[in-house]
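Report on the following structure.
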Amino acid sequence: MYSLNENDEFRLKKNALNIRKNILRLIKADRAGHLGGALSSVEIMTALYFQIMKVDPKNPKWEQRDRFVLSAGHKCLALYSTLAEKGFFDESLLDTYGSFKSIFPGHPDMHKVPGVESNTGALGHGLSIGGGMAMGLRMSGLKARVYVVLGDGELAEGSNWEAAAAASHHGIDNLLAIIDRNGLQIGGRTTDVMSYEPLAERWRSFGWNVREVDGHNFKSLVEAMSAIPFEEGKPSLIIADTIKSKGFSFAEDKANYHYWKATTEEIEQAEKDLAEIERRLVG
Ligand SMILES: Cc1ncc(C[n+]2csc(CCOP(=O)(O)OP(=O)(O)O)c2C)c(N)n1
Ligand SMILES: [Mg+2]
């Protein structure tokens, strides 16, 4: 079993802080964006890009790379911020977000942003895309893996369940799906709007091997992510329990920060919150 050492955990926490800073930088550029689901997925994205996935920022199309699909495409502020932190493009480009010639649309575009593997944004498609990629890699004899991040509200799209059945039927065990279970979707609690709980049992009944972890804890995330396939011949699923808008004190666990039109006061508070995280991390 893989265990994350303290140096690596510290390094990942610094990456996550920088990614949250990048998210705020994007928001400052356009004064608006999908905040909550981006912030809840930061540790998931950090663990993937800075500990688990084999990618080369200088050669984004490297054939043997692992693939990442952000099925919940509205979380793209987290993806752009992570790709910037990883070095896929210059961080200063983030300041163009929202302007006419920016390479960063409101949902990911593989033709514009280096490192983005698939266009997403219409919820419910990423798992089919990722499952197909994983099958293709297997057929080509490549050892690479595919990682797909889903939102918990997104599961209301029925196409996810077709993809889940297909991945199990085809025994796609180079596929890891991660559900960012922040408990909220666009208009309220996921369990009120459209509940798919109990999630773990449902996915197991679809033939997946499932683990539930604290989605803000690097030790738990990395331990689970590095153990795939959890079972040979089966697709793997991590249900990551998270807090929507994690890190911005005024917005945590509130549905109305799903999409944020930032006020000057809130931006100042977000800056203070990040400075406090930094103070606690590095003193
Ligand atoms: C097919 C489709 N229907 C509706 C939407 C509008 N929409 C964008 S985000 C969202 C809620 C998603 O909730 P969740 O998956 O839990 O995302 P998170 O909490 O991580 O932001 C909805 C309904 C969409 N993007 N695509
Ligand atoms: Mg959600």
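Considering only the other residues whose Cβ falls under 12 Å of the Cβ of MET194, what net charge follows from Lys and Arg at +1 and Asp and Glu at -1? Working shown, then result.
Numbers: positive: ARG189; negative: ASP152, GLU154, GLU157, ASP192, GLU197.
Within the 12 Å Cβ shell, the charges total -4.
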(request) Give a quick list of chymotrypsin sites (Phe, Trp or Tyr not before Pro) in segment 1-109 that DSSP marks as loop, anything other than H, G, I, E or B, with at most 10 other Cβ atoms within 10 Å. (result) PHE100
(request) Take the solvent-accessible surface of the protein heavy atoms, probe 1.4 Å, and return the percent of it on the chain that carbon and sulfur atoms account for. (result) 49
(message) Are there any GluC sites (Glu not before Pro) in segment 1-83 that are in a DSSP loop and have at most 12 other Cβ atoms within 10 Å? List them by number.
(response) GLU63
(request) Mind ranking MET194, MET225, MET133, MET110 by accessible surface for me, highest first, 1.4 Å probe? (result) MET194, MET110, MET133, MET225
(request) Would you mind checking the tilt of helix 159-169 against the longest principal axis of the Cα atoms of the chain, expressed as 0 to 90 degrees and rounded to 10? (result) 40
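Put GLU265, GLU271 in order of accessible area, largest first, 1.4 Å probe: what do you get? Please report the intermediate quantities before stating the final value.
Working: GLU265 125, GLU271 75 Å².
My answer, sorted largest first, is GLU265, GLU271.
How much area per residue is accessible in the chain when the probe is 1.4 Å and only protein heavy atoms are counted (Å²)? Write out the running numbers ahead of the final one.
On the way: 12090 Å² over 283 residues.
Here the residues of the chain average 43 Å² of exposed surface.
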(request) Could you estimate the translational diffusion coefficient of segment 107-254 from the Stokes-Einstein equation, with Rh from the Kirkwood formula over C-alpha pairs, at 37 °C and 0.692 mPa s, in whole µm²/s? (result) 206
(request) Rounded to the nearest 10 degrees, what's the angle between the helix 6-30 long axis and the longest principal axis of the chain, both from Cα atoms, 0 to 90? (result) 60
(request) Give me the Kirkwood hydrodynamic radius of the chain, using the inverse of the mean 1/r over all pairs of distinct Cα atoms, in Å to one decimal. (result) 18.8
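Want the number for ALA227 to ARG189: 0.36 nm per residue separation, take away the alpha-carbon distance, what's left?
Details: separation 38, 0.36 × 38 = 13.68 nm, distance 3.09 nm.
Answer, rounded to one decimal: 10.6 nm.
Go through LYS58/LYS254; LYS14/LYS261; LYS54/LYS272; LYS13/LYS261; LYS234/LYS254; LYS101/LYS143 and tell me which ones have a Cα-Cα distance over 31 Å in this structure.
Numbers: LYS58/LYS254 38 Å; LYS14/LYS261 27 Å; LYS54/LYS272 34 Å; LYS13/LYS261 27 Å; LYS234/LYS254 35 Å; LYS101/LYS143 37 Å.
Long pairs (Cα-Cα over 31 Å): LYS58/LYS254; LYS54/LYS272; LYS234/LYS254; LYS101/LYS143.
The values are calculated or read from the model by the stated rules, or taken from the named source; none is laboratory data. Please read all numbers here as calculations on a predicted model, not as lab measurements. Note: ideal-geometry Cβ built from the backbone for every residue, glycine included; neighbour counts use all protein chains shown. Ligands, DNA and RNA are stripped out before the accessible areas are found, and what is left, the full protein with its side chains, is counted by its heavy atoms. Shrake-Rupley method; radii C 1.70, N 1.55, O 1.52, S 1.80 Å.
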